[in-house]
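What follows is a set of notes on a single structure, which appears directly below.
Every number here is computed from the coordinates shown, using simple stated rules; none is lab data. Computed from a prediction, not measured in an experiment: that's the story for all the values here. Heads up, the Cβs are rebuilt from the backbone with ideal geometry, glycines too, and the neighbour counts pull from every protein chain shown.
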Amino acid sequence: MEKKVLIRKKYLLKRKNNFHYVKKNFFNPLIQLLKKKRKNKKINLAIYYPTSYELDILKVLDAKYFKKVKLLLPAVEDQNLMHFYGWKKNDIMALNKFGIPEPIKSQVVIPNVILVPLLAFDNKKNRLGYGKGFYDRFLKKIHKIYKNIITIGVAFSFQKHHNLPVNRKDFKLDFIITEKGII
């Protein structure tokens with residue numbers, strides 16, 4: 001656990017010092033992946049509201065492909081659980097207990113593609129989050145019920161770590177997208 005704490009500190013600082021905005025073409029490999037994996041199926045795309053120098057995932061809204069996709073944002077619930085709710089660009093939002101904007105809670109929607117924030121990742125598609133376990137718990141629980149959910153970490157390439165420490169609580173992602181492409 002102590003090793004994860006040190007890696008978190010390192011990559012929080014690295015992300016702050018190297019942050020830059022991405023262009024909408026950053027998501028072109030993601031669009032190609034979704035066209036291949038989801039073909040003509042409906043997409044419920046879970047994104048996150050970027051904070052703490054996270055890559056600006058909201059740039060997906062600029063890409064024409066995502067105009068026909070149902071967007072979802074997470075909301076933190078009691079007992080530190082997380083659910084996803086429908087969201088549109090100009091919807092009113094509320095701040096959660098961490099000061100992060102989240103959608104007004106209505107009907108829970110199950111995503112079939114989830115773009116996951118992270119602090120660091122490795123070649124084995126392991127991710128290191130902030131340490132609260134929201135995404136790991138949600139992904140483990142939902143993946144038992146819905147096997148066809150695609151999980152994609154979103155990061156800058158400089159967030160790659162050679163070999164992240166993992167344990168049984170960690171959830172391995174299907175893909176990771178950076179400005180250099182998809183892993």
How many residues does segment 4-62 contain that are in contact with an Asp or Glu (Cβ under 8 Å, 6 or more places away or on another chain), over 24 Å from Val166 (Cα atoms) and not hydrophobic (A, V, I, L, M, F, W, C)? 4
If Phe171 satisfies all but one of (1) free of Cβ contacts under 8 Å to residues at least 60 places away in the same chain; (2) more than 23 Å from Leu13 (Cβ to Cβ); (3) in a strand (DSSP E or B); (4) of a type outside the set (Lys, Arg), what's the number of the condition it fails? (3)
I'd like to check something: does segment 105-114 contain any residue that is of a type in the set (Gly, Ala, Ser) and surrounded by 19 or more Cβ atoms within 10 Å (Cβ to Cβ)? no
With the condition being exposed (fewer than 11 other Cβ atoms within 10 Å of the Cβ), I'd like the strands (runs of 3 or more DSSP E) fully within segment 1-98 carrying at least 1 qualifying residues. 93-95
For segment 128-151, pairs from a residue that is at negative phi to a residue that is aromatic (Phe, Trp, Tyr) and surrounded by 12 or more Cβ atoms within 10 Å (Cβ to Cβ), with Cβ under 6 Å and 6 or more apart or across chains, are Gly129/Tyr135; Asp136/Phe171; Leu139/Phe171; Lys140/Phe171
List pairs: first residue in segment 93-117 and under 21 Å from Tyr11 (Cβ atoms) and touching a residue at least 12 places away in the same chain (Cβ under 8 Å), second residue basic (Lys, Arg) and surrounded by 15 or more Cβ atoms within 10 Å (Cβ to Cβ) anywhere in the structure, Cβ distance under 7 angstrom, at least six positions apart or on different chains. Val116/Arg127
Residue within segment 130-153 that is aliphatic (A, V, I, L, M), part of a loop (DSSP other than H, G, I, E, B) and within 29 Å of Lys16 (Cβ to Cβ) present: no
